[in-house]
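Heads up, the thing below is written out as structure tokens.
The values are calculated or read from the model by the stated rules, or taken from the named source; none is laboratory data. The structure displayed is predicted, hence computed values, not measured ones. Virtual Cβ from ideal backbone geometry, glycine too; neighbours counted across all protein chains shown. For accessibility, only protein heavy atoms count, side chains too; no ligands or nucleic acids. Shrake-Rupley method; radii C 1.70, N 1.55, O 1.52, S 1.80 Å.
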Amino acid sequence: AVLNADVRAVADGVVLYSGRLTGFGEVVVIAHKAHYLSVYSGILSNVSKNQAVSAGQRIGSSGDKSDQPMGGLYFELRHLGVPVKPR
């Protein structure tokens, strides 16, 4: 991962979680319309729980290896709790 690269929200939503999780580093989870969630880990967050975010808004930056226990920046999109392929 590139150090200090911007990480941006994929869509409008509200931050459900922003903090550290063992084994994942710093994690941000955003709730979106139609029961979608986006999950980002290995980032240095600049958002907080219950904060509204807009599509394309900077939510943090990539860190270095010490911030990325999974080996880099991680992104996941979920619908009704099930991982889906982003389109």
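Numbers at a glance
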| item | result |
| --- | --- |
| Under the Karplus curve 6.51 cos²θ - 1.76 cosθ + 1.60, θ = phi - 60°, whole-Hz ³J(HN,Hα) for region 16-32, x wherever Gly or Pro sits | 8, 8, 8, x, 8, 10, 3, x, 10, x, 7, 10, 10, 10, 10, 8, 10 |
| Hz values of 3J(HN,Hα) by residue in region 36-47 - Karplus curve (6.51, -1.76, 1.60), Gly and Pro given as x | 9, 10, 10, 10, 10, 9, x, 10, 9, 6, 10, 10 |
| Segments 46-59, 24-37 sorted - mean Cβ within 10 Å per residue, highest first | 24-37, 46-59 |
| Answer label for mean projected area of the Cα convex hull in nm² (calculated), chosen among [x] 7.1; [y] 5.2; [z] 4.5 | [y] |
| Where the chain is the region considered: accessible area per residue in Å², 1.4 Å probe | 60 |
| Long-range amide H partners of Q57 with built H, under 5 Å | A9 |
